[in-house]
Each structure stands twice: as C-alpha cells, then as structure tokens.
C-alpha cells in the first residue's frame, strides 16, 4: 500500500547510485539523490513528531529552493496534505486560505513570520516554521536533529496528497483536492507519452507553487531518475546557456518569448535538447513559428488545469492513430492523453460533432476528488455521468486534435498565472468613490494577456486610474494587478443591463500590441 504513496513511487525511480547529482542549482550547489532521500526523511520525521491528525494540511509560502522542494516530498512521504501558496499572495489572501484549509503546520519565509504566524495560530495551527532560499530557517534547524531514516506512510491511491487553490469567478477561491493516485497516474502517463529516457536532464525554470512546476516538471524528472538544473528565478540568458547540459525544458509562453529575445538562442545552443514543452497559457502562433525558425525545434503544447493535472498533449512522436501522420500543431493542444476522456458538449448537455465549439468536459484517473469543503460546488462542476466541466470552450477537429478557443468564465491567464476578474473587481468596487468596475484581458507581447480595469465613479468622487493601481498593489499579488486602469463615464451594457466585456476587450485590444 505504501507504493500508492506518490513519494514511494518517485523514490523507487531514484538511480541505483545515490551519490550521483540529482539537482544542480544556479548558485553552484549540487545535491545528490542520497541528499534528497535523507533530507526528506528528516523533514518527514519532524512532521511526524508533531502528533498531527491523519490528513493534516501543511501550508507553504516560501521562495523557490531545493529545500522547499524537499519539504513537498517530505509531506507526501509522511502522509500529510501539501498546500502550496503563491509567494506573491498578500495578507488578506493568506488569511482566507489558512482560514479555509485550517492547516496544522504553516511554513513561511522569515520576513513574513510575524504576520503569518498570527494568522496561522488564530486558525488553529500547531506549528509555524520558517524557510528561506539561502538554506536557513527553523524548519531546517529542527529537522537536522531528526533521524535520516523514514518508512513512507502507507497511503491508498484515493488518499489526499495536495490541495491547490484556484480562485473562483465569484472571487471565492476553491481548493482542488488531488490524490496520490491522480498525480501518480499522470506522472506515469507523461513519462511514456513524452518519451523520457535515461540520461535526460531537465531545466527546472518554473515556480513550485503551481501544477506546472510542482507536479508536471518535478514529478517528470523524479519518476525518470533524471537530474534537474534548478533555476531559482527565470533568467533567459542563463536558461539558453544551460541548454548545452540539458535535454528537456518546460515553460509558460512568456518564458519562450523572453528567450527569443536572446541573441544566444541558436540551433547550436539547442543541439543537445530533445524536447521543449509549453503550457499554462495559450502559446501564440507567432511564438510557435519564431521558435521553430530560430532553433529548429517544434514546441510541444499541452493542456491541463489545477483540478486535473495534464489532460491532452501534442504528440512527442508521430501518433499511430493517424498512420504516423500526426505532428505537433501550433494553435492546438494535441490529443487526449491515454486513459483520459475528452468530450465537447452544448449547454443542453448534447455531444457536439467534430469541429463544433462547445464546453470541454473530461474524465480520467487524473481528475481531482472535488473542491475542499465545497460539496455543492463539486456537484455543480460534475455531470450526472461523472465528467468534469472544465469551464473551457473548444473543439475537437477532424484529426482528433483539441483546440481551446476561449474560456466560459472570464479568466485571464497572465504569464501563466490565473487572474479572475471578479476577485479584482471586488477590491476595486470596495474603494471609496468607485461606483462599478470591470476587468478584461487584452493581448500582451510578453505576458500573453494582461488585465485592464475600467471603472465609473460615484457623483462628486475624484479618483485616478493610477491611484487605484497603487491601492491594489498593497493588497494583491503583483500578477493580479491590472497593467492599466481607466476612469470612464459609463460601462457598455446589453439590453439585460449586463456589462459587455467583449466590447471593452475590443476597445482596448491594441493597448500593448502594435
């Protein structure tokens, strides 16, 4: 049963020689597979010594580091539930997440300990530890006294492994509950589908509070026993330089745009690389083609979400279902992964024929268990026959490729991060003098999409767009802050009185693009 523990399955894939390098950092540190095994055992023993209930949550908001990655693995190893929190979240957001999840343990950076610990203890946490990206903090100070031997906790495939908060369109965040089985099935499927092989080396350039960096990239390297080149912050020049030592790169479209800005990006620089993968946001067809021209490589685009991990992928190799004729096609997210069902339906719940646009629904062993403490919301998001309604709108073409054409909810994906307009509008509407606001996403050459806010004022009120943005900066994560804010006389409405966001998007679509 411990083999159903995701950590145990990843640990079983470690190479026989544990003294080989597992992770090499951009600051010149090297960690062996033995280091990963011992450090995760010590942290797991520390957690186990706290007398936590089964299923206890461990909330973590720290900067990216190898130790933070070890903490994630230790939580899995000890059989608890990992709750990653974006490092950009501010106090109002953290208060909601901690209040909702009621974690038994909270780990934060030292500079935030004062206010985070107050929130955590008020919500009933047993312990609050600190961890910084320079290998310091009370978590490590305490763990060093624990044994470096630890038997992974026996877990069932259906046991909870992680909760990922994904903001709701009503502004209230939902905690997607992912099990050991969800993530292990996905990791094994992707290992085969993306052709992972002995000797592969991954450039890990993504944050680790997000499905893409924490699950897809990390599990991919670990379940293949592959070394990682660990970039604590994305640096396009360094990423291009490191390609000489690597074979696989995973990124969001913004990272590819930034690397295309480097003169050093050439076919020669990429000659050791086997695979470039993009996800978390739509890849512009120009970026797809520019990358082909500059490097000779074709980016593999795939599709997933917090609730499901990966769902579809362009083929790594020619796909036998199409007589070997299939290729990686720009503007598509490829085929459903083995074991994953994808269907497109209309609002009446009828399946649509190939080429027709509708709501995308999915099912498979990777699909989450439901939303934390939200049984009604969970029921709403699943069909009577058990398919999950993704909220994305798209089609399946005549060759079986899935194409995402938009989102039924007004989600903005900026630099790979989800921005939910209703949440930001709520903060703006609460400001003195504001009558109403609307946030829309518009194209941006670097981030793919950014938010633009428009608002009307109450009679006699005086407020500028710059003042609104300044006020938001003290309350919200930076990626959620609108890039521009305009005060207008009125917002366009349809006959039902609903704000026409499509009109606003059209009016402002050229703000950042020529």
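The values are calculated or read from the model by the stated rules, or taken from the named source; none is laboratory data. Please read all numbers here as calculations on a predicted model, not as lab measurements. For neighbour counting, all protein chains shown are included, and Cβ atoms are generated from backbone atoms with ideal geometry for every residue, glycine included.
Values computed for the structure shown
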| item | result |
| --- | --- |
| So residue 201, is it assigned by TED's automatic domain parsing to the domain that holds residue 8 and either surrounded by fewer than 22 Cβ atoms within 10 Å (Cβ to Cβ) or more than 22 Å from residue 413 (Cβ to Cβ) (or both) | yes |
| Given (1) in contact (Cβ under 8 Å) with a residue 40 or more places away in the chain; (2) closer than 22 Å to residue 221 by Cβ, index of the condition residue 18 fails | (1) |
| Test result for residue 367, part of a strand (DSSP E or B) and either at pLDDT below 95 or not assigned by TED's automatic domain parsing to the domain that holds residue 173 (or both) | no |
| Residue selected from the stretch 420-439 under the condition over 28 Å from the mean Cα position of the chain (by Cα) and part of a loop (DSSP other than H, G, I, E, B), by the criterion modelled with the lowest pLDDT | 430 |
| One residue from 391, 451 being at pLDDT below 95, part of a strand (DSSP E or B) and either buried (at least 22 other Cβ atoms within 10 Å of the Cβ) or under 20 Å from the mean Cα position of the chain (by Cα) (or both) | 391 |
| Condition check for residue 166: closer than 20 Å to residue 42 by Cβ and out of contact with any helix residue (DSSP H, G or I) (no Cβ under 6 Å at 6 or more places or on another chain) | no |
| Where residue 405 falls short, out of the listed (1) in contact (Cβ under 8 Å) with a residue 40 or more places away in the chain; (2) in a strand (DSSP E or B); (3) surrounded by 18 or more Cβ atoms within 10 Å (Cβ to Cβ) | (3) |
| Residue within the stretch 234-242 that is touching a strand residue (DSSP E or B) at 6+ places or on another chain (Cβ under 6 Å) and farther than 15 Å from residue 259 by Cβ present | no |
| Residues being in contact with a strand residue (DSSP E or B) (Cβ under 6 Å, 6 or more places away or on another chain) and at pLDDT below 95 - total across the stretch 257-284 | 3 |
| Sole exception among (1) modelled with pLDDT of 95 or more; (2) surrounded by 19 or more Cβ atoms within 10 Å (Cβ to Cβ) for residue 287, by number | (1) |
| Pair list, Cβ under 8 Å, 6 or more apart: the stretch 323-344 residue under 15 Å from residue 282 (Cα atoms), other residue loosely packed, with under 14 Cβ neighbours inside 10 Å and at pLDDT below 95 | 330/285; 330/289; 331/285 |
| Leading residue by the ranking (nearest to the chain's Cα centre (by Cα)) among those in the stretch 158-190 that are surrounded by fewer than 18 Cβ atoms within 10 Å (Cβ to Cβ) and at pLDDT 95 or above | 188 |
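Table: residues versus (1) in the same structural domain as residue 188 (by TED's automatic domain parsing); (2) within 30 Å of residue 198 (Cβ to Cβ); (3) touching a helix residue (DSSP H, G or I) at 6+ places or on another chain (Cβ under 8 Å).
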| residue | (1), (2), (3) |
| --- | --- |
| 252 | yes, yes, yes |
| 265 | yes, yes, yes |
| 270 | yes, yes, yes |
| 300 | no, yes, no |
| 342 | no, no, no |
| 352 | no, no, no |
